[in-house]
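In what follows, a single structure is set out as structure tokens and then discussed.
The values are calculated or read from the model by the stated rules, or taken from the named source; none is laboratory data. These numbers were taken from a predicted model, which means no experiment stands behind them. Reconstructed Cβ throughout: ideal geometry from the backbone, glycine too, with neighbour counts over all protein chains shown.
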Amino acid sequence: MIGLFQYGFMIRGFEVGIIIAAIAPLIGIFLVLRRYSLIADTLSHVSLAGVALGLLLKINPLVAAIIASVISSIVIERLRLSKRIFGESALSIFLSGSLALAVVLISLTHGFGVDLFSYLFGSITTVKQVDVYIVGILGFFVVAAVLLFFKELVFVTIDEEAARVAGIPTKFINMLLIILASLTVALAIPIVGVLLIAALIVIPVVTALQYGQSFVKTIFFAEAISLFSVIVGIVVSFYLNLSTGGTIVLLTVFIFVITLLTGKKDHRAH
């Protein structure tokens, strides 16, 4: 195990992986409880278009993915608030449109190169030091924002109408949540990959909900599952030469199945 840390890319991989493992369930619990899990899939496809654009324009793909994801999240939320388009319809439009754009941009970059493949499925070997800095700074921002507005986020998640009546700025909180979700999705790209991001955000939370504990305890359970899956996944993928993202997600699925078979019947977080 100690031998792993002889390699610079492993150290960078663990640094980014632990940050992502910490913030993914923190955002995921609000998305899952609001039945808004599809936003993670949608933003992952938007991020793929951003990555393809970054590779085409020779700029940092992670930065391009972050910009594309944040801008799209703001537009999606504005469309939802306008009530001209139902929330799920807006997500479907962005999911299909961004995937189509990504395919076109990929064709302009002459197909699936090694770099693009690593962004699709995650790879610890391609994590750069600048990626660690970006993930670290923005990851800190995500955690700080959740902690700062935690009570408001919980209130809006449980009962948005009651929160509005109580004077909580629900529009601001909703916009904040979707922006934080977009950042989380984009930041997870180096380790988990575009196609598997949604699973890391959703599955640990759904697994933790099987125990029917309080909101805060559910977050702690989800954090533990996420951290375990990412750390073990990175180690296993290194020694067995497997896809990092795929290994991590398979571990979360395995834990979910075990929990489903042995956990409590009450799936609600109180």
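What the table shows:
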| item | result |
| --- | --- |
| Residue within region 46-65 that is under 22 Å from Phe155 (Cβ atoms) and either surrounded by 24 or more Cβ atoms within 10 Å (Cβ to Cβ) or at pLDDT 90 or above (or both) present | no |
| Residue count for region 175-211, restricted to those that are among the polar types (S, T, N, Q) and over 17 Å from the mean Cα position of the chain (by Cα) | 1 |
| Qualifying residue in region 117-131 (condition: loosely packed, with under 15 Cβ neighbours inside 10 Å, at pLDDT below 85 and among the acidic types (Asp, Glu)) | no |
| Of all residues making up region 192-214, the number that are hydroxyl-bearing (Ser, Thr, Tyr) and surrounded by 20 or more Cβ atoms within 10 Å (Cβ to Cβ) | 1 |
| Of all residues making up region 156-167, the number that are crowded, with 18+ Cβ neighbours inside 10 Å and of a type outside the set (Ser, Thr, Tyr) | 2 |
| Qualifying positions in region 106-116 - of a type in the set (Val, Ile, Thr), in a helix (DSSP H, G or I) and either at positive phi or modelled with pLDDT under 70 (or both) | Val114 |
| Residues being more than 30 Å from Lys217 (Cα to Cα) and in a helix (DSSP H, G or I) - total across region 21-60 | 13 |
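Conditions (1) among the polar types (S, T, N, Q); (2) modelled with pLDDT of 80 or more; (3) out of contact with any Leu (no Cβ under 8 Å at 6 or more places or on another chain); (4) part of a loop (DSSP other than H, G, I, E, B), marked per residue:
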position: Ala68; (1), (2), (3), (4): no, yes, no, no
position: Ser72; (1), (2), (3), (4): yes, yes, no, no
position: Leu101; (1), (2), (3), (4): no, yes, yes, no
position: Val104; (1), (2), (3), (4): no, yes, yes, no
